[in-house]
Amino acid sequence: MRQWLALTICMVAVAVAKAEDEQPFVTHEIATFEEPWALAFLPDGRLLVTEREGRLFVVTQDGEKSAPVGGVPEVAYGGQGGLGDVAPHPGFATNALIYLSYAEAGKDGARGAAVARARLDLAPEGGQLSGLEVIWRQVPKVKSRGHYGHRLLFSRDGYLLISSGDRQKFSPAQDLQSNIGKIVRLRDDGSVPTDNPFADKGGVAAQIWSVGHRNPLGIALDEAGQLWNVEMGPRGGDELNRIRAGSNYGWPVVSNGRHYSGLDIPDHDTHPEFEAPKAWWTPVISPGGFTIYTADLFADWRGDGLIAGLSSRALIRIEFDGETAREAERYDMGRRMRAVAQGPAGAIWMLEDRSGGRLLKLVPSH
Ligand SMILES: [Ca+2]
């Protein structure tokens, strides 16, 4: 049954993958980077782009790239780790604060994601960070160089949401004494809101917004303000989840995929006490980034989810219907896609993965 289902999904995926000349958008190459990981727009319309080795750039929409911004914290580059996400504070225009996530070295080869905030003073040649303070860390640091997660998102009411991967350690994702394998919610200074679902447990549990995530590389808010995430499953079982405060998404107890060894993990429908994904993929798409489109330029896509696919080398469009979601269309991009964001004028901006990864601007073709 599972094989039949997987084959069917695979055939559907092939059927909807469109050749480039049929795509509803034109792709413009804006700039090229070395292992880019994240992009975000500043209020003045310029972009911040991170490179995994530890560089942050200010980039114009025409592709003019600054010198690396000074004062970026030292990162533990290697494996999947390095400099990760970047997010300007919602009040950047007045406070100039930005947030960076990155892999941080600990003792004896242990590593963990950290999030720092700093003031970014823009200058003609780029900019300089000052007053950098680390406001969050994965607990505990572990000997792994993968599954950091560490995407950043500000909620409409100004809280900082951080997706925290399971660090390839599985069971801590179910442990409230650890913040790995979770989505956490903090105030903008890193302090813990008193209305978080596990606030009364204190300690690291108080940070936790949702439980049981594997490697969540995308978080986004829909127009109603509901939170969604995408995360990589193991062999099969990539997930799109509707995130609710205090809910448990089941990793590693359940997954619609199986271990890399081939050993099965019980599927979601065997454990209804966990939140099941609203959409899932076998074969995997390897979601690297996620946004929900809210602009008018792509008029038919307003309200749709957009996933940057790594192994699927695609932009994947999701249609929502209240509480449900489904893959509506898959556009072949030809390269591993690491990140996706909506630009100020409604264009869709993407980053390719790895060395030579391009910053792309997608605009409607008609
Ligand atoms: Ca399974």
Could you work out the relative contact order of the chain, using alpha carbon pairs under 8 angstrom and six or more residues apart, expressed as a whole percent?
15 percent
Given a cut-off of under 8 Å on Cα pairs at least six residues apart, what relative contact order in percent is computed for the range 285-326?
34 percent
What dipole magnitude, in Debye to the nearest 20, does the chain give about its Cα centre under +1 on Lys/Arg Cβ and -1 on Asp/Glu Cβ?
1000 debye
For Phe41, which sequence-distant residues (separation of 5 or more, or a different chain) have an amide H within less than 5 Å of its own amide H, given hydrogens modelled in the peptide plane?
Leu48
Report ³J(HN,Hα) in whole Hz for each residue of the range 129-145, in order, from the Karplus equation J = 6.51 cos²θ - 1.76 cosθ + 1.60 where θ = phi - 60°; Gly and Pro get x.
8, 9, x, 5, 9, 7, 9, 7, 9, 5, 10, x, 6, 9, 7, 7, 10
Compute a Gaussian network model of the chain, connecting alpha carbons closer than 10 Å, and tell me which residue from Asp269, Asp166, Asp222 fluctuates the most.
Asp269
Could you tell me the distance between the Cα centroids of the range 53-90 and the range 101-151, to the nearest Å?
11 Å
Normalised by the residues of the range 29-92, what does the relative contact order come to in percent, with Cα pairs under 8 Å and at least six apart?
32 percent
Rounded to whole Hz and in sequence order, give me ³J(HN,Hα) for the range 317-322 from the Karplus expression 6.51 cos²θ - 1.76 cosθ + 1.60, θ = phi - 60°, writing x for Gly and Pro.
9, 10, 9, 9, 9, x
Spacing of the two label points (7 Å from each Cα toward its C-beta) at Leu122 and Ala93, in nm
1.2 nm
For the chain, what is the calculated [θ] at 222 nm in deg cm²/dmol (nearest 500), taking -39500 (n - 2.57) for each run of four or more DSSP H residues and dividing by its residue count?
-1500 deg cm²/dmol
Quick check: from the Cα gyration tensor, does the range 144-231 come out rounded (a/c under 1.5), prolate or oblate?
oblate
If the viscosity is 1.567 mPa s and the temperature 4 °C, what translational diffusion coefficient in µm²/s does Stokes-Einstein give for the range 213-366 when Rh comes from Kirkwood over Cα pairs?
82 µm²/s
Which of Gly303, Gly181, Gly158 moves the most in a Gaussian network model of the chain with Cα springs under 10 Å?
Gly158
How large are Rg and Dmax for the chain when calculated on the C-alpha trace, in angstrom?
19.3, 60
Exposure proxy check on Lys201, Lys141, Lys169: fewest-to-most Cβ neighbours within 10 Å is Lys201, Lys169, Lys141
In order through the range 163-168: 3J(HN,Hα) via Karplus (6.51 cos²θ - 1.76 cosθ + 1.60), integer Hz, x for Gly, Pro:
8, 10, x, 7, 6, 6
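Any read-out appearing in this document is the output of simple, stated calculations on the displayed coordinates, not a laboratory observation. Note that the coordinates shown come from a computational prediction; the quantities given were computed from them, not determined experimentally. Reconstructed Cβ throughout: ideal geometry from the backbone, glycine too, with neighbour counts over all protein chains shown.
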